[in-house]
Every structure is written in structure tokens, then in C-alpha cells.
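Beneath this line is the structure, given in C-alpha cells, with notes to follow.
Read the figures in this text as sums done on the coordinates, not as results from a lab. Keep in mind it's a predicted model, so treat the numbers as computed, not measured. Glycine gets a Cβ as well: all are built from the backbone with ideal geometry, and neighbour counts include every protein chain shown.
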Amino acid sequence: MPRIIQSDEIANRVSRMCRDACCRLPADLLDAIRAARQSEITDTGRDILDQILENARLAAETDAPSCQDTGMACFFIEMGSEAIIAGATLGDAINEGVRRGYTEGFLRKSIVRHPFQRENTGDNTPAFIHLEQVEGDCLKISFLAKGGGSENMGAFRTMVASAGPNGVRDFVVETVERAGGSPCPPLVIGIGLGGPMEYACMLAKKALLRDVGRPNADPMLAELEEEILDAVNRTGVGPLGLGGAATALAVHVEATGCHITALPVAVNLGCHALRKATIIL
Amino acid sequence: MAEIRDITTPLSDAAARELRAGERVRISGTIYTMRDAAHARLIEMLDAGKPAPFDLRGAAIYYAGAAPAPPGRPIGPVGPTTSVRMDKFTPRMLSEGVKLIIGKGPRGPEVIEALGRSGAVYCAATGGAAVLIAQCVRSAEVIAFPDLLSEAIRRLEVVNFPAIIAVDAAGNEVFESGRQAARELIARRANSA
């Protein structure tokens, strides 16, 4: 028997999730920032990390978005093959949730309708949705509020197959150094390897959803994560690019198959206010 | 940690030249929020021979677009946006008399040179510390381009807005030098470990 999920319920839950995620930074992220504060080597870096932690506390306490850039509403959805949505399409339900959450929660509307005409849509829609079908009758909705500062500094490159892990590491370090303070370090760095280009980009963003610092289950990728984190944290970029040890909090790599000729690499930088949440209906 | 210097806007030429890259400051007085769209429009107005919507001489500009104000607050969270996007507008704004700019992240060589030429400074505020900074805002008013919504020009009265002098009027900057110093410190620690 398929299970019916009402689109209204989806919209309500998504609306709540947008507001909560923007006002309350996740515990795993805050733990990572506290650890970075403990090991920071510069006065400026420590001062900035203190401000970041104090800001997070104030945001949660006053129910205010921790950063004014409450971002593009990005969704990764796993829909059970036994689930049916009644009332509206999944896309319409998600967009309705975003519209309500961003309006009622005093979140900033940062989306323009057209890349050239640039008229603000006024309600932060459209949401950007990746949908995957899985077994079961549940609907798992993961949300990322992705701000412009960090998103704009991401990069994609198709490397030659022989570039290997060292080529990936060097490309990530180059991307982080070029970005400097603009994407609001300390960063969580999402890396997508393989696939055709849009797949690598999608994986790089999806990698940001993982618990901050939890290694990939594949030992080879976990080792690469550690190696890249170490290299990035030797650049000296530091908190907000003003110099320090805490350039990144974690590196998350996701990989999939790819063509025999290529090693596609996408890098998605997450700022220190990585706003993410997951709900299951 | 070194002492924090209090500065007041509008900033005089002499006061701007006293500030040194790397210094922590607290800014009080009037500042104007502007992002890409407001810069483009304001410069278009100047080019058409129209007056700017506020006095640019000695003015302080804050690269920011606030979240909506909740009931009872003058403004919503309002942290700095990425400054490098404004680089192409900045030399012109400085030549019109702007003395202080607040944003986040590094600036290009043309901006650093233009800051020196006009005796102005660039401050880095803490990106993401939007609630902390909003607490420094006593009042806020849209003074131009309301159709740009969060990107409209707002006049803010601020008290003790925390920032770091990132580029001073002598052309010293903290992003490259701070990164270099930190990188050397990290390498030294690794070698002695």
C-alpha cells in the first residue's frame, strides 16, 4: 500500500525548517568552531572565532538569522518509492514552504528572477531541488541555506585521469587560496569527484550535509579528506582571510564513477555559518 | 591583544591617515549601506550630472544588505558582504570623497592604490557576525532606491561597530601580510614539533 503525504504538511515542515536552520547553527558545526578556537594561533583569528560563536549564541537566543544572507534554498530529497504526494507537486510544496518560511521568519530574500534583468522575486523562490528515489515510504528532506559569499567562490575543473589525489588536493588548495576571506572561512569544504560535470557539482554540495568532520566510509577518500584539510590549514588564510590556522573546519569528499578519460573535480565552499537541516516525513 | 581604537564618522582626512592596518577599531556615527546595484545606480546618477542621494564627502560606506527588521528592532541582522564585487566602483567613490569603507575579504590592487591616493581606509568586519553587528545599529532608514529591497541605500546610526583596519591610507594591508605571517608561524611550529 502506498503511503499518502499531504503537500500542505510538506510546506509547513519546510517552512519551519528554513527558519530553524537559519537561526540555529547545527551542534556539530559549533563543536568544530569551538575546537578551531582552541587551536587558533593568531590573536585576530581567535578574536574573530569568538565573535562568530557569540553571534551564533545571540542568533539562537533572539530567534534571528545568524547571517543576513539567508541564501539560496537548496534541497536534497530522498523520496520513498512507496510514498505519494497529494494536493500539489513536490516542487510546489517545497516552494510554498520556502515562501512562507522566508517571509514569516524575517529571512532575507536574495533571489532574482533573471540573471540579467535582476528583479528580486520577493519570497526567495525558486528553491533549487535535487530529487532521488529510494526504497520505503518516507520523504527525507535535507536543506542548505547557501549564501552568495561562499557559493560564488566554488570551482569546477575536469582534470586528466592521471592527476590523481595530489591533483585534486592542489586544485582545492588553489581554490581556497584564491578565495581568501571572501567565502567566510573557516570553511567546510565539499568536494565532488567523478560523473559528468553537473554530477560532480551536485555531489560537492551534497557533501556539505554530512556531519562536520565525519570521514568518508571509503578509507582512500577519508585519507584524501585528511590530507586536503592539512594542506588547506597550512595556507595561513585563517578566519575571514585575516591570517591564522583555522582556514577549514573539515573536508568532505563524495565520489562516483566517471569516464575513462577524465577526473572531474567540483569544490563547493561552505562558510563558517553552514546552515543545514534534515527532516523525515 | 592590542587596544581597540574608537573612531567616529564622518572621518576627517587627518583621522583617516592616523589609522594603521591591523588595528582593531570600533566605529560610531553615520554609515551608509550599499551593494553592487546601488553603486551602479549612484554612479549613473553622478554621470548624468544629478546629485548623489547623500553627501559623499567624508562618508562611510558599509557593503551590506540587511535581513528584514523584526518587530521592535531598527534593522535585521546585517553583516558585511564580499567587498571585491565593489572593486570596479570603488576608485570612483573614493574620488567623490568617501573616506571609510567597511566590508569583508580582500581588495584588488587598484582599490588599494586608490585608497592611498585619496587618504581613505578599508575596514574588514566579521562576515557572518550579522546579529552582533545589528546590535550596534541604533537607527536605520532607507534613503534611496527602495525598489532594490535589501540592496537599497540605508542610513545607519551605529555605536561601537567592531572592525579591523584592513587597508590603511599608506597602502598597507592585512590580508596578504596576515596570511604570510600565519603561514610562517604554522611552518615553524611544524618544524619544531
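Quick one: work out Rg over Rh on the C-alpha atoms of the protein assembly as shown, Rh as Kirkwood radius. Spell out each step's value before the answer.
Numbers: Rg = 22.5 Å, Rh = 23.0 Å.
Taking Rg over the Kirkwood Rh, I get 0.98.
Residues whose amide H comes within less than 5 Å of that of B:Gly58, counting only those at least five positions distant or on another chain, are B:Val98, B:Lys99 (H built at 1.01 Å from N in the peptide plane).
Which of the three applies to the stretch A:138-211, rounded, prolate or oblate, going by the alpha-carbon gyration tensor with a ≥ b ≥ c and a/c under 1.5 meaning rounded?
Numbers: a/c = 2.16, a/b = 1.18, b/c = 1.84.
Oblate, since a/c reaches 1.5 and b/c is not below a/b.
Within the set A:Lys205/B:Lys104; A:Lys109/A:Lys205; A:Lys146/B:Lys104, which residue pairs have Cα atoms separated by over 25 Å? Distance filter (> 25 Å) returns an empty set. PRE reach from A:Ser39 (point 7 Å along Cα→Cβ): which of the stretch A:161-187 fall under 16 Å by backbone N? Of the residues in the stretch A:161-187, A:186-187 have backbone N under 16 Å from the label point off A:Ser39. For chain A, A:Cys18, A:Cys22, A:Cys23, A:Cys67, A:Cys74, A:Cys138, A:Cys201, A:Cys258 have no disulfide-compatible partner, since no other Cys C-beta lies under 4.7 Å from theirs.
Between B:Glu96 and A:Arg118, the simple spin-label model (points 7 angstrom out along Cα→Cβ) gives 1.5 nm. Computed about the Cα centre, the dipole magnitude for the stretch B:4-192 is approximately 480 debye when only Lys and Arg (+1) and Asp and Glu (-1) carry charge, each at its Cβ.
Is it possible to state the helix-based mean residue ellipticity at 222 nm for the protein assembly as shown, with each DSSP H run of 4+ residues giving -39500 (n - 2.57), the sum divided by total residues, to the nearest 500 deg cm²/dmol? What is it? Mind dumping the intermediate values first?
On the way: 14 runs with 166 residues, N = 474.
Computed mean residue ellipticity for the protein assembly as shown: -11000 deg cm²/dmol.
Counting only residues at least eight positions apart within a chain, or on another chain, the lysines with an alpha carbon under 28 Å from that of B:Lys50 are B:Lys88, B:Lys99.
Please compute the contact order of chain A in relative form: average sequence separation of alpha-carbon pairs under 8 Å and at least six residues apart, divided by the residue count, as a percent. Kindly include the intermediate steps, with their values, before the conclusion.
Details: 639 pairs, mean separation 73.4, N = 281.
Rounded, it is 26 percent for chain A.
Applying D = kT/(6 pi eta Rh) to the stretch B:4-192, where Rh is the Kirkwood radius over alpha-carbon pairs, T corresponds to 20 °C and eta to 1.002 mPa s, the Stokes-Einstein value obtained is 127 µm²/s. As a calculated quantity, the FRET efficiency between B:Glu141 and B:Arg117 at R0 = 30 Å, using C-beta atoms, amounts to about 0.40. Measuring between their Cα centroids, the stretch A:86-128 and the stretch B:6-63 lie 33 Å from each other.
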